[in-house]
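J.: Take a look at this one; I'll ask things after.
The values are calculated or read from the model by the stated rules, or taken from the named source; none is laboratory data. The model shown is predicted, which means the values in this text are computed figures rather than measured ones. When we count neighbours, we look across all protein chains shown, and the Cβ atoms used for this are built from the backbone with ideal geometry, even at glycine.
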Amino acid sequence: MADENTAWQLEDFVDSLVVELDKTRETLAVKAVNKPLSYSVKELSLDLNTFPSYDGDQVRFVTAQPGQEGASKITIHLNSITDQQVRATTKLPGAQTDIPIARIPVDKATKKKLRRLGIQSVDDLEHLRQKNVDLGQVSDGDIDYSQLNKQIQKSRRDQQPPQVKSISLGFDEDSVPYLSIEGRHLSVDPAFPPVAAVNRRVAQVLSRGDGELRIRLEGQLEVDNELILALDEYSVVKVNVKAR
């Protein structure tokens, strides 16, 4: 019987089909970088024999099984595409610093929804943000962008973890001592001012940058000193500083 199959909606079917076609187009675009395409994909027709049903709100389809009669036919036509069209309409994979959606720790349903919207990487999301596109509206509220943004920031931080290379003592023009922490990726979030503590006392951060932080010292350093830096929401560094 027809109701032995799982019912599906045309929107879901077309979305899934488009995703698969996008994957094929992306593969062809990458291949064309090193080896020009010598062929075109001609027109393709797909016939589906189904039993439609309408519940007053949604139309659903059940695929006809072999030998079943009375099914309605849905025909989907796919037009041809040339190698020039592939190159003109397909974005090549992002730079090494770009983060694919697949690597962001969000639920599978969100990744699937983003893929259907043509969003494959963090750069794609950033492009939509700059265009003031509300993902909540285009996804019928299925995507929590605030939560997604947090996961993106965490993934970016994982790509660029902080590195402390050296710590030294210095003095400013007023002879006020400070610790200079040099390294890489020390302050990457402009919206998050680093917080420092020396020997469990909160210390003032005089300046910050990707390669250096300067921490004001209120007293003399001990022989062994504990420095804790909360660089952003996702990075906390603990260092033991020995005074000479």
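J.: Kindly indicate the residue of the stretch 55-69 that is within 12 Å of residue 7 (Cα to Cα) and at pLDDT 85 or above and also surrounded by the most Cβ atoms within 10 Å (Cβ to Cβ) among those meeting that condition.
T.: Here the answer is 61.
J.: Just wondering, is there one or more residues in the stretch 192-203 that are of a type outside the set (Ser, Thr, Tyr) and farther than 19 Å from residue 238 by Cβ?
T.: No: zero hits.
J.: Which of the residues that make up the stretch 217-229 are crowded, with 16+ Cβ neighbours inside 10 Å and either under 37 Å from the mean Cα position of the chain (by Cα) or hydroxyl-bearing (Ser, Thr, Tyr) (or both)?
T.: Result: 227, 228, 229.
J.: Which of the residues spanning the stretch 196-242 are in contact (Cβ under 8 Å) with a residue 40 or more places away in the chain and small (Gly, Ala, Ser)?
T.: Matches in the stretch 196-242: 235 only.
J.: Looking at the stretch 160-183, is at least one residue of a type in the set (Asp, Glu) and either touching a Pro at 6+ places or on another chain (Cβ under 7 Å) or within 30 Å of residue 130 (Cα to Cα) (or both)?
T.: Checking the stretch 160-183: not a single residue is of a type in the set (Asp, Glu) and either touching a Pro at 6+ places or on another chain (Cβ under 7 Å) or within 30 Å of residue 130 (Cα to Cα) (or both).
J.: Tell me which residues, restricted to the stretch 202-224, are of a type outside the set (A, V, I, L, M) and modelled with pLDDT under 90.
T.: Result: 218, 219, 220, 222, 224.
J.: Further question: When you go through (1) surrounded by 13 or more Cβ atoms within 10 Å (Cβ to Cβ); (2) over 30 Å from residue 112 (Cβ atoms) one by one for residue 144, which number turns out not to apply?
T.: Failed condition: (2).
J.: Taking the stretch 168-185 only, how many residues are among the small types (Gly, Ala, Ser) and surrounded by 13 or more Cβ atoms within 10 Å (Cβ to Cβ)?
T.: Matching residues across the stretch 168-185 total 2.
J.: I'm told residue 138 meets every condition in (1) within 20 Å of residue 105 (Cβ to Cβ); (2) modelled with pLDDT under 90; (3) among the hydrophobic types (A, V, I, L, M, F, W, C) except one. Can you identify the failing condition by its number?
T.: For residue 138, the failing item is (1).
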